[in-house]
Amino acid sequence: MRPATRIRSATAASILAAGCLLAGALPAGAATARPAVASALDVTSGPADVTAAGAELMDVTVGRGLWTRNFKAERPIASITKVMTAYVVIEAGQLNRKIRVTEAAEEYGQAYDPSEAGLIPGDVLTTRQVLEALLVPSGDDAAYLLATTYGPGWPAFVRKMNAAARKLGMTSTHYANFDGLPWPTEHSTYSTPRDLILLAEAAMKLPAFRQIVAQRSHSIAATRHNHHYYWQNTNLLLGSYPGAIGIKTGFTQGAGYCLLFAARKGKTELIGVVLDSTRTSPQLRFTAAANMLTWGFAHAPG
């Protein structure tokens, strides 16, 4: 996702104003005990050439943390936010539910430059298809459409996101919106490497989510109900790193280039995250992830 530019529609402006109120009303999370990701994470030796302010790598096959860097540091997470958006929607079910694309969703997607799926008002898509638009090209218009549909209304949906985070034990995470854009402020939606590993592990247990984020591209044929759509995945690790199976990219100027990722080799599955790799080079997050995975597979038990 690219950094937000000026707001160009009344829809986006009203959302921004409401977001300021919502961000102040929602707690960052209840102080409940959360499951331990690992009993002994290696914070010293580890993979080389990992450019990231925060990072973590876990072997989810055995539930063992392999390596971490600043795992407790709270940082803006940009479009990685959409993983929770998808998680809440999929958990709600009804993936064959028909959703009509609204003009408000189009306006919201066009208000920022240019993280949108290009959804066309009047088209009728299934929830599953809108999830493809959310996760493959990182569509902010799809995020808005899902949030307003499944809230109902996006403020109610964001409350569901925060409730889900608390249930998963993500006690250092707070969502102010449904897509990770920097409103009302750059840091109003934030998480930590440790919390994002918890989210990714839960999301990857959902077959629909797992299938969608593994796609390098996705196409929807034109019908009498909808236009033709073709999207390419923003996660360039897919197809470039053997065994890569997801998950989600993110970028704003405040968050830097981020990546939540997963790969499988044999029976071993690793999940990792890179936060604030740089703010100038989008490729370095993929290089960091590849180096982490190669090191992780070499050090994973079995």
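The values are calculated or read from the model by the stated rules, or taken from the named source; none is laboratory data. Bear in mind the structure is a predicted one, so any value in this text is a computation, not a measurement. A quick note on method: Cβ atoms are made from the backbone with ideal geometry, for glycine too, and the neighbour counts reach across all protein chains shown.
Take the conditions (1) surrounded by fewer than 22 Cβ atoms within 10 Å (Cβ to Cβ); (2) in a loop (DSSP other than H, G, I, E, B); (3) of a type outside the set (Val, Ile, Thr); Gly180 misses just one of them, which is (1). Condition first: under 20 Å from Thr173 (Cα atoms), of a type outside the set (Ser, Thr, Tyr) and surrounded by 16 or more Cβ atoms within 10 Å (Cβ to Cβ). Now tell me which residues in the range 44-72 satisfy that. Those that are under 20 Å from Thr173 (Cα atoms), of a type outside the set (Ser, Thr, Tyr) and surrounded by 16 or more Cβ atoms within 10 Å (Cβ to Cβ): Ala52, Ala53, Gly54, Ala55, Glu56, Leu57, Met58, Gly65, Arg69, Asn70, Phe71.
For the range 148-158, what are the residues that are under 10 Å from Phe178 (Cβ atoms), in contact with a Lys or Arg (Cβ under 9 Å, 6 or more places away or on another chain) and outside any loop (DSSP other than H, G, I, E, B)? Within the range 148-158, just Tyr150 meets the criteria. Of all the listed residues (Ile197, Ile212), the sole one being within 13 Å of the chain's Cα centre (by Cα), under 23 Å from Glu116 (Cα atoms) and buried (at least 20 other Cβ atoms within 10 Å of the Cβ) is Ile212. Only a single criterion out of (1) at pLDDT 95 or above; (2) not acidic (Asp, Glu); (3) not in a loop (DSSP other than H, G, I, E, B) is not satisfied by Gly24, namely (1). In summary, Thr268 fulfils each of the numbered conditions (1) surrounded by fewer than 24 Cβ atoms within 10 Å (Cβ to Cβ); (2) under 18 Å from Glu132 (Cα atoms); (3) touching a strand residue (DSSP E or B) at 6+ places or on another chain (Cβ under 7 Å) with the single exception of condition (2).
Mind checking which residues of the range 204-226 are touching a residue at least 40 places away in the same chain (Cβ under 8 Å) and assigned to a loop (DSSP other than H, G, I, E, B)?
To start, the set of residues in the range 204-226 that are touching a residue at least 40 places away in the same chain (Cβ under 8 Å) comprises 204, 206, 208-209, 212-213, 215, 217-218, 220, 225-226.
Met204, Leu206, Gln215, His225, Asn226, listed by residue number.
Annotation for the range 190-199: no member residue is in contact (Cβ under 8 Å) with a residue 12 or more places away in the chain, touching a Phe, Trp or Tyr at 6+ places or on another chain (Cβ under 8 Å), of a type in the set (A, V, I, L, M) and not in a helix (DSSP H, G or I). For the range 227-234, the count of residues that are under 26 Å from Lys205 (Cα atoms) and not in a strand (DSSP E or B) is at least one.
The selection criterion, being buried (at least 17 other Cβ atoms within 10 Å of the Cβ), closer than 30 Å to Ile120 by Cα, at pLDDT 95 or above and under 15 Å from the mean Cα position of the chain (by Cα), does not hold for Ala262. Glu186 satisfies every condition listed in (1) surrounded by fewer than 21 Cβ atoms within 10 Å (Cβ to Cβ); (2) modelled with pLDDT of 95 or more; (3) out of contact with any Lys or Arg (no Cβ under 8 Å at 6 or more places or on another chain) except (2).
Restricting attention to the range 218-249, the residues that are small (Gly, Ala, Ser) and crowded, with 22+ Cβ neighbours inside 10 Å total 2.
Table: residues versus (1) under 23 Å from Asn162 (Cβ atoms); (2) under 19 Å from the mean Cα position of the chain (by Cα).
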residue	(1), (2)
Met84	yes, yes
Thr102	no, no
Glu116	no, yes
Leu125	no, no
Arg128	no, yes
Pro137	no, yes
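Within the set Leu131, Leu119, Leu125, Leu145, the sole residue that is part of a strand (DSSP E or B), at pLDDT 95 or above and under 17 Å from Tyr229 (Cβ atoms) turns out to be Leu125. Inside the range 200-209, residues that are surrounded by fewer than 19 Cβ atoms within 10 Å (Cβ to Cβ) and touching a Leu at 6+ places or on another chain (Cβ under 7 Å) make up a count of 1.
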